[in-house]
Amino acid sequence: MQFHVVTLFPEVVDAYAAASILGRAQKEKLLKVKTYQLRDTAGNKWGKVDERPYGGGPGMVLRAEPVIKAVEKIRKAKPSSKVLITSAGGKPFTNAYAKSLLKYKNVVIVCGRYEGIDVRAKKALKAEEVSVGPYILTGGEVPAMAIIDATARQIPGVLGKFESLEEGRVASHDMYTRPEVLKVQGKNLRVPKVLLSGHHAKMDEWKNKRRSNPKQ
């Protein structure tokens, strides 16, 4: 599976994709992350890709032409690519959405920036806007990395063992490790006895309860 990220800051995505699990997965050729500098398709000697919005308003808007040219260049080499645009107003990104991307060999992610992208780029490319949460970020690089990370985890072999895929096993949001008793400011913070019991059925029951109701 290949991810193609169109961005004004390829170095940000490259650094994240080269580290830890994603970096290892790329070395093992389980996936590939390639970045594209949007300014390369600006169509002018200054590399200018933004303009003021029609109708007024604060900030700048990414022009449609550079985005369309960048994606079409990728599609020329990878004709069946799925195209996503990061946007705060897009479709919510979930684990289910991540799994749905596995049917595509190539996924293009266009990183939004400034006040957004001229909507004609979305229409021309038949792209899908995706949001990673109900908040506003400076740019689409962080959402792009989240999409890649969450999707990569679903690719067989990326995590090594299926047990490492949290959503596929019984897991509490509260985790403990050694030492059994942690002394902090004169208090003894202990690991719950059930987790030390060795009784797997009871441990799973405890984890399920904590997962559904963390206050228990």
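Bear in mind these aren't lab numbers, they're just calculated from the coordinates by the rules spelled out. If you're wondering where the values come from, they're calculated on a predicted model, not measured in any experiment. Cβ coordinates were reconstructed from backbone atoms using ideal geometry, including for glycine residues, and neighbour counts include every protein chain displayed.
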Candidates T86, T138, T151, ranked by Gaussian network fluctuation over the chain, Cα under 10 Å, top entry: T138
Nearest 5 percent is fine: what portion of the DSSP beta bridges confined to the range 2-162 is antiparallel? 10
Alpha-carbon radius of gyration plus Dmax, which is the widest Cα pair, for the range 2-162 in Å: 15.5, 53
Of K69, K78, K187, the one that fluctuates the most in a GNM where the chain has Cα springs shorter than 10 Å: K187
Kindly provide the helix-only [θ] at 222 nm of the chain, computed as the sum of -39,500 (n - 2.57) over DSSP H runs of four or more divided by all residues, to the nearest 500 deg cm²/dmol? -9000 deg cm²/dmol
Spatially proximal lysines relative to K207 (Cα-Cα < 19 Å; intrachain offsets below 8 disregarded): K193, K215
Express the relative contact order of the chain as a whole percentage, based on alpha carbon pairs under 8 Å and six or more residues apart in sequence. 20
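Can you pull out the chymotrypsin sites (Phe, Trp or Tyr not before Pro) in the range 4-56 that DSSP calls coil and that have at most 10 other Cβ atoms within 10 Å? Spell out each step's value before the answer.
Values: sites: Y16, Y36, W46, Y54; in loops: W46, Y54.
Listed in order of number, the matching sites are W46, Y54.
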